[in-house]
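In what follows, a single structure is set out as structure tokens and then discussed.
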Amino acid sequence: MAGDDNLKVLNALDVAKTQWYHFTAIIIAGMGFFTDAYDLFCISLVTKMLGRIYYHVDGSPKPGSLPPNVSAAVNGVALCGTLAGQLFFGWLGDKLGRKKVYGATLMLMCICSIASGLSFGRDAKTVMATLCFFRFWLGFGIGGDYPLSATIMSEYANKKTRGAFIAAVFAMQGFGILAGGIFAMIMSAVFQAKFKTPAYEVDPIGSTPPQADYLWRIILMVGALPALLTFYWRLKMPETARYTALVAKDAKQAAADMSKVLNMDIEVEQQKVAQIAQKKGSYGLFTKEFFSRHGLHLLGTTSTWFLLDIAFYSQNLFQKDIFSAIGWIPPAKTMNSIHEVFTIARAQTLIALCSTVPGYWVTVALIDVIGRFAIQIIGFFFMTVFMFALAFPYNHWTKPDNRIGFVVMYSLTFFFANFGPNATTFVVPAEIFPARLRSTCHGISAAAGKLGAIIGAFAFLYLAQNQDPAKAEAGYPAGIGVKNSLIVLGVINLLGLLFTFLVPESNGKSLEEMSGENDDLTEEASCNKTDQ
């Protein structure tokens with residue numbers, strides 16, 4: 001629809017030139033995602049150390065490791081919390097407003113991030129129980145950041161560069177993962193220099209000094225710092241004009257807030273807001289009208305995010321085998337507990353530097369050029385191709401001479417996940433639903449993704465086990481093997497490509513055009529003219 005049908009305050013946002021407040025919003029929202037990624041991924045850096053500290057077995061030829069059920073809980077409880085938080089805070093963001101809820105999610109993340117490192121007690125059961133408790137609530141706060149950050153950024157941005165701005169917020173995840181790896185490397189190097197420690201095979205007890213119990217706690221707790229730095233600015237951000245005008249129905253406040261942000265006078269259109277409110281109050285989430293207008297869109301955003309995260313999170317399962325094969329991570333018994341943290345962090349940092357971060361920022365550069373749909377199709381297509389290319393000749397890739405090729409292919413699947421659906425599935429749900437349901441629908445889409453992540457991280461942990469029970473990892477039943485698991489993942493990526501066709505292209509269009517809210521206003525105006 002024509003821009004004239006929209007409120008002047010929303011038109012002003014749509015056509016505004018890129019200016020300082022855009023970058024401020026990216027930094028404020030992006031630091032939340034920086035923290036999210038740091039907190040979610042740093043646990044993988046210290047789980048080996050937790051096993052050595054709390055599950056050491058005297059006389060064992062290998063260092064202690066977390067039992068499968070404990071490992072699943074420690075690694076997965078934050079994902080479960082994230083899923084719950086996405087649904088709850090997504091709904092709350094539409095009920096109370098984006099700004100009111102935004103500060104609460106950040107504070108919850110900060111408190112629980114610090115508390116994760118203060119896990120109480122000395123015995124394994126108590127430490128793991130309290131760690132899991134605080135990581136669930138940490139995940140709950142992280143979950144709220146997904147719909148709120150995406151919605152706030154989409155409602156502040158202009159039409160021309162909206163995709164890049166939302167994608168830039170999400171891309172801060174890459175820097176969060178990178179920062180987690182770098183900080184863990186620095187701290188483990190400091191501890192290694194300060195506390196000279198022998199390898200496990202030399203001295204099983206001495207390879208894990210008492211000070212190691214501080215290292216993992218420091219790594220987890222530092223995740224609170226970046227979020228705390230932006231907490232004040234989150235509280236100072238005005239509510240988005242789209243929420244204030246279209247949901248709270250306060251045209252005067254919306255115009256006043258955006259006049260300050262844009263440094264221009266904006267006309268108050270209370271009568272027009274009243275017309276919009278009268279028409280738009282007619283349908284909610286669980287209505288026939290919503291499903292006729294947006295049902296397929298919601299199916300498209302939930303299914304693609306769900307399928308992507310199954311593939312994306314399951315890829316992490318193969319990292320330890322790949323890192324070991326190329327010599328990035330030596331056998332555990334040849335290292336002490338502190339050096340093991342260093343080598344795992346170095347491997348994660350290299351993957352982030354070479355494929356994760358570049359993929360995110362290529363998306364930022366191109367999303368408003370070639371569009372969301374094209375990037376998502378390209379991403380799913382090449383993820384499918386590379387997954388099948390790894391799967392069918394899997395025995396070929398396992399030979400020592402071919403391991404470099406395997407790493408290259410594996411890195412490319414990560415690159416095309418990030419220059420592809422991992423970014424676009426976050427962007428699109430913030431653009432295509434009505435303002436009063438935008439945060440809720442984004443939260444539902446994101447929660448579907450986290451459900452896929454839980455399946456990817458844990459179902460495939462069992463599926464990827466060797467088909468021979470004798471060769472499966474300790475504590476796990478026989479599975480279908482890595483080759484067959486990769487084939488299943490290739491099929492999942494192909495399904496993601498097909499479901500992408502349910503998602504509309506939002507490039508260059510206003511949020512009201514995409515959601516149909518301009519249509520509602522035009523119909524109302526037409527009816528008024530007819531009555532006259």
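The values are calculated or read from the model by the stated rules, or taken from the named source; none is laboratory data. Worth saying up front: this structure is predicted, and the values here are computed from it rather than measured. When we count neighbours, we look across all protein chains shown, and the Cβ atoms used for this are built from the backbone with ideal geometry, even at glycine. With ligands, DNA and RNA removed, areas are computed over all heavy atoms of the protein, side chains included. Shrake-Rupley method; radii C 1.70, N 1.55, O 1.52, S 1.80 Å.
A few notes on this one:
- Filtered residues of the range 384-394 (kept if free of Cβ contacts under 8 Å to residues at least 12 places away in the same chain and surrounded by fewer than 17 Cβ atoms within 10 Å (Cβ to Cβ)): P393
- Exactly one residue among L138, L108, L131 is in a helix (DSSP H, G or I), open to solvent by 40 Å² or more (accessible area, probe 1.4 Å) and not hydroxyl-bearing (S, T, Y), and that residue is L108.
Every residue, every condition in (1) open to solvent by 50 Å² or more (accessible area, probe 1.4 Å); (2) under 23 Å from A352 (Cβ atoms); (3) modelled with pLDDT of 95 or more, yes or no:
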site: F382; (1), (2), (3): yes, yes, yes
site: H396; (1), (2), (3): yes, no, no
site: V407; (1), (2), (3): no, yes, no
site: S411; (1), (2), (3): no, yes, no
site: T425; (1), (2), (3): no, yes, yes
site: V428; (1), (2), (3): no, no, yes
site: S439; (1), (2), (3): no, no, yes
site: A453; (1), (2), (3): no, yes, no
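- Screening L299 with (1) open to solvent by 30 Å² or more (accessible area, probe 1.4 Å); (2) farther than 29 Å from A446 by Cβ gives one miss only, at (2).
- Screening N158 on (1) assigned to a loop (DSSP other than H, G, I, E, B); (2) open to solvent by less than 20 Å² (accessible area, probe 1.4 Å); (3) farther than 30 Å from T244 by Cβ shows it passes everything except condition (3).
- Qualifying positions in the range 457-491 - of a type outside the set (G, A, S) and open to solvent by less than 20 Å² (accessible area, probe 1.4 Å): F460, Q465, L486, L489
- Matching option when the condition is of a type in the set (G, A, S) and either modelled with pLDDT under 90 or out of contact with any helix residue (DSSP H, G or I) (no Cβ under 8 Å at 6 or more places or on another chain) (or both), among S188, S282: S282
- Among the residues of the range 12-22, those identified as in a helix (DSSP H, G or I) and either modelled with pLDDT of 90 or more or over 18 Å from M237 (Cβ atoms) (or both) are D14, V15.
- Residues (open to solvent by 40 Å² or more (accessible area, probe 1.4 Å), over 16 Å from G456 (Cα atoms) and either out of contact with any Ser or Thr (no Cβ under 8 Å at 6 or more places or on another chain) or β-branched (V, I, T) (or both)) located in the range 72-97: L87, F88, K95, L96
- Scanning the range 245-255 for residues that are closer than 16 Å to E155 by Cβ, part of a helix (DSSP H, G or I) and of a type outside the set (V, I, T) yields A245, L246, A251, Q253, A254, A255.
- Of all residues in the range 42-70, those being of a type in the set (S, T, Y) and farther than 16 Å from G117 by Cα number 3.
- Only residues that are farther than 11 Å from G174 by Cα, open to solvent by 20 Å² or more (accessible area, probe 1.4 Å) and among the aliphatic types (A, V, I, L, M) were counted across the range 329-363, and they come to 5.
- On the stretch given as the range 364-375, residues that are in a helix (DSSP H, G or I) and surrounded by fewer than 24 Cβ atoms within 10 Å (Cβ to Cβ) total 8.
- Residues located in the range 19-45, provided they are touching a Leu at 6+ places or on another chain (Cβ under 7 Å) and within 16 Å of I218 (Cβ to Cβ): D39, C42
- Residue within the range 196-206 that is open to solvent by 20 Å² or more (accessible area, probe 1.4 Å), part of a helix (DSSP H, G or I), out of contact with any His (no Cβ under 7 Å at 6 or more places or on another chain) and touching a residue at least 60 places away in the same chain (Cβ under 8 Å) present: no
- Flag for I378 being assigned to a helix (DSSP H, G or I) and within 22 Å of N493 (Cα to Cα): yes
- Screening N69 with (1) of a type outside the set (F, W, Y); (2) open to solvent by 30 Å² or more (accessible area, probe 1.4 Å); (3) assigned to a loop (DSSP other than H, G, I, E, B) gives one miss only, at (3).
- Selection status of F120, surrounded by fewer than 18 Cβ atoms within 10 Å (Cβ to Cβ) and modelled with pLDDT under 90: yes
- Among the residues making up the range 45-65, those that are part of a loop (DSSP other than H, G, I, E, B), surrounded by fewer than 21 Cβ atoms within 10 Å (Cβ to Cβ) and in contact with a helix residue (DSSP H, G or I) (Cβ under 9 Å, 6 or more places away or on another chain) are Y55, P61, K62.
For (1) in a loop (DSSP other than H, G, I, E, B); (2) within 30 Å of T35 (Cβ to Cβ), each residue gets a yes or a no:
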position	(1), (2)
I186	no, yes
P238	yes, yes
D257	no, yes
A274	no, no
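- Flag for G103 being farther than 28 Å from F460 by Cβ, without any contact (Cβ under 8 Å) to a residue 24 or more places away in the chain and either in contact with a His (Cβ under 9 Å, 6 or more places away or on another chain) or not β-branched (V, I, T) (or both): no
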